[in-house]
Each structure stands twice: as structure tokens, then as C-alpha cells.
Ligand code: SF4
Ligand code: SF4
């Protein structure tokens with residue numbers, strides 16, 4: 001017995017293109033966003049459609065390398081390659097791009113991108129704990145609101161912003177419910193399927209429809225689980241994936257874990273669990289832009305220093321999802337995640353007492369077989385550790 005609803009997530013990106021094209025023809029504006037620090041709520045509040053942009057495929061990287069250094073992370077090169085080759089229809093339809101100064105490569109890439117698309121770059125302070133950082137990030141929320149209002153010649157009202165906060169909260173709640181299904185043992189949904197669902201949803205332009213699709217999927221999977229359905233082998237090693245983001249086209253490590261007999265029960269990364277727990281108290285009467293600043297500054301990305309919340313999240317996830325081992329994925333040339341792997345290794349090995357594997361790779365298939373050997377060996381270590 002398989003989930004039939006899962007199939008309806010397969011083609012959201014393709015199906016939504018026509019919806020987006022028709023919306024554009026009616027005059028609706030589209031705003032492209034690359035990173036989870038890019039706030040969706042002000043975009044929704046002005047009546048535009050926020051879309052997550054592609055940066056997860058190998059194909060456009062060669063074109064990107066004609067202008068960017070080759071030793072840059074594949075996510076940045078893929079994003080830029082889609083833009084300069086005009087092969088991502090979502091980028092093509094975007095009237096405005098929201099960029100951010102997360103890491104050095106990305107912020108400098110946005111300078112080049114501004115040559116052929118309007119890009120509003122938000123200046124992200126890199127400490128989640130300082131009051132001055134929060135105040136600066138609030139001012140960046142105000143500046144974004146002003147840019148949206150000027151660009152689209154409209155006004156963002158407080159009720160519209162609060163309604164946007166509500167729908168984004170609901171989306172996070174529903175996605176978290178889906179992820180939380182894998183707290184069950186055995187797991188209900190594979191890591192490859194989780195990547196697909198989360199990635200495809202980023203392209204859906206109807207926020208409420210996204211919520212109801214997720215709710216229907218969760219109900220169906222709960223029903224199946226209660227009638228004995230599970231994914232993978234019952235004793236498959238349960239792996240937590242942390243590190244840099246993955247999506248369709250860059251899910252190589254997730255796929256290899258599952259081809260080798262493990263199951264990625266949870267992902268701490270962006271697109272996974274990193275942001276689904278970040279909601280705004282809708283009864284909080286303070287300025288909604290301030291509430292947004294507080295929420296987005298709490299994202300535990302490795303660009304923050306220090307980034308202790310990520311360690312805390314990993315500990316909670318390891319417990320809640322009953323994981324047997326942790327794989328920490330770093331895209332090549334991503335210095336922030338690469339250096340932070342020191343703290344992740346310590347936390348996983350010393351505090352949680354779990355096997356840990358750090359992998360550094362890119363989107364190409366050139367190292368697929370060597371990765372397979374390392375992952376197979378790691379899963380053997382995980383199985384042996386379970387028996388101790
Ligand atoms: S890992 Fe950090 S920089 Fe990359 S998308 Fe996530 S929040 Fe943005
Ligand atoms: S993966 Fe690392 S280098 Fe690449 S965009 Fe994200 S933070 Fe920057």
C-alpha cells in the first residue's frame with residue numbers, strides 16, 4: 001500500500017508555471033527568493049507571489065563558471081547559472097529578486113545578478129543574540145517593505161501583513177506535521193520523498209492550497225501507518241541529515257543513504273526542519289515587521305556566529321526522531337558549514353554518543369561511487385553501534 005497523494009507533489013513546479021504565467025498576464029507581480037532569510041510575508045502582503053528559486057541542479061553550473069570562480073559553492077553557481085542562461089522560468093517571471101548578505105559568495109553574486117534583474121539585497125546581521133543585530137534587521141524589514149511598495153506602487157497594510165503571517169505560520173505548522181510523522185518507528189516517508197515534497201512546495205503559488213495539500217497527505221500517511229505501512233526496512237539505520245540545503249537535483253547524498261539501506265528520517269537543513277518550528281505569535285500586538293525580524297533572525301544557519309541554536313536543534317531532533325547516526329553535508333567551498341562541522345561532530349559524538357560522518361561534495365556525479373563506499377561503511381558502523 002503506497003501513498004497516492006505523494007504523486008500529486010511530483011509536478012507542482014511544472015504545473016504551477018501555467019498558473020504563474022496567467023497571474024502575470026493579469027498583472028500580478030512575482031518576487032523570487034533564494035534563501036530562507038528572505039521573508040515571504042511582506043511579499044504576500046503586497047499581493048505579489050513569492051517563489052523559491054532554483055539553485056539545486058548541476059546543469060547550469062558550467063555557464064555560471066564563465067563569470068564566477070569555479071571554487072564557489074554549487075548552490076551559488078547553480079542559482080547564477082539559471083539566471084544568466086535564462087533557463088529557470090521562475091527567475092524569468094520574477095519582477096524583483098530578494099537577495100541577502102548571508103555568505104560572501106552569495107552576496108557578491110547578487111552584485112553581478114543586478115545587471116539583468118532588479119535585486120533587493122537585505123543586509124543580514126550575523127549574530128542572533130545581539131540587540132543591535134535585531135534592530136538592524138528590523139530596519140532591513142522596513143527597507144524591504146519600502147522597496148516593495150515603491151516597486152509595485154502599492155501599500156503594505158498591517159492587516160495584510162498579519163494575514164500573511166497567519167498563512168505562513170499555517171504552512172510551517174502543516175510542513176512540521178509532515179516531518180514529524182517520521183518520529184514513528186518505523187518511518188513513514190523516505191528522505192528522498194521528503195526532499196521532493198518540500199522542494200516542490202516552494203513553487204506552489206497558492207499558500208492555502210499548499211496547507212490543505214499537506215494536511216491531506218499527513219492524514220493519508222497517518223492512516224497508512226496505523227494500518228502497518230512503513231518505508232524502508234524495519235531495522236534500517238535511521239539517519240539525521242544536517243548541513244547545507246538539498247533539493248531536487250542535489251539530493252545525491254540522501255539517495256545514496258537510502259540505496260545503501262539506511263533511511264534519512266529527518267533533515268535539519270533549510271527546506272527541512274531548520275525553519276518549520278519558527279512561528280510568530282499572532283496575538284502579539286507589536287509591529288509585525290519587528291515580529292518578522294525576530295523570527296527570521298532566529299534561523300540557525302551557519303552564517304550566524306555563534307550558532308548554538310543549531311546544536312540544540314540537532315540534539316532535540318536526534319532524540320525526537322530516534323536517530324542512529326548523523327550525516328553532516330557540506331557543499332564544496334561553503335566555509336561556514338565546513339568550519340561549523342567541528343561543533344557538530346563534537347555534539348554528535350561526545351554529547352549524543354552517536355556515529356557521525358562529515359561529507360563534502362558538490363552536485364556532480366563524479367564522486368558518487370566514492371561517496372557510496374563511505375556511506376556504506378558508515379551505515380555498518382551505525383549498525384554495530386546499535387548492538388553495543
Ligand atoms: S543554509 Fe543559510 S544561507 Fe543557505 S539557504 Fe539556508 S539560511 Fe540561506
Ligand atoms: S551553502 Fe554555504 S556557501 Fe553556499 S550559499 Fe549556502 S551558506 Fe553560502
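Taking the range 109-126 as the range and being surrounded by 14 or more Cβ atoms within 10 Å (Cβ to Cβ) and in contact (Cβ under 8 Å) with a residue 24 or more places away in the chain as the test, the residues that pass are 109, 112, 113, 117, 120, 122, 124, 125, 126. Can you confirm whether the range 55-75 contains a residue that is within 16 Å of ligand 1 (Cβ to nearest atom), in contact with a helix residue (DSSP H, G or I) (Cβ under 6 Å, 6 or more places away or on another chain) and at pLDDT below 95? Checking the range 55-75: at least one residue is within 16 Å of ligand 1 (Cβ to nearest atom), in contact with a helix residue (DSSP H, G or I) (Cβ under 6 Å, 6 or more places away or on another chain) and at pLDDT below 95.
Residues checked against (1) within 22 Å of residue 152 (Cα to Cα); (2) in a helix (DSSP H, G or I); (3) more than 16 Å from ligand 1 (Cβ to nearest atom):
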position	(1), (2), (3)
98	yes, no, no
110	yes, yes, no
117	yes, no, yes
120	yes, no, no
124	no, no, no
129	no, no, yes
132	no, yes, yes
136	no, yes, yes
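Annotation note: of 275, 279, the sole residue that is within 16 Å of ligand 2 (Cβ to nearest atom) and touching a residue at least 40 places away in the same chain (Cβ under 8 Å) is 275. Among residues that are closer than 21 Å to residue 52 by Cβ and buried (at least 20 other Cβ atoms within 10 Å of the Cβ), residue 264 is included. Restricting 194, 241, 181, 221 to residues that are outside the structural domain of residue 318 (by TED's automatic domain parsing) and closer than 30 Å to residue 44 by Cβ narrows the list to 221.
When the range 348-383 is filtered for residues that are in contact with a strand residue (DSSP E or B) (Cβ under 7 Å, 6 or more places away or on another chain), part of a helix (DSSP H, G or I) and touching a residue at least 40 places away in the same chain (Cβ under 8 Å), the ones remaining, listed by number, are 371, 378, 382. The set of residues in the range 74-89 that are buried (at least 22 other Cβ atoms within 10 Å of the Cβ) and either in contact (Cβ under 8 Å) with a residue 40 or more places away in the chain or not assigned by TED's automatic domain parsing to the domain that holds residue 47 (or both) comprises 74, 75, 78, 79.
If the condition is being without any contact (Cβ under 8 Å) to a residue 24 or more places away in the chain and within 14 Å of ligand 1 (Cβ to nearest atom), then the range 308-338 contributes only 338.
The values are calculated or read from the model by the stated rules, or taken from the named source; none is laboratory data. If you're wondering where the values come from, they're calculated on a predicted model, not measured in any experiment. Heads up, the Cβs are rebuilt from the backbone with ideal geometry, glycines too, and the neighbour counts pull from every protein chain shown.
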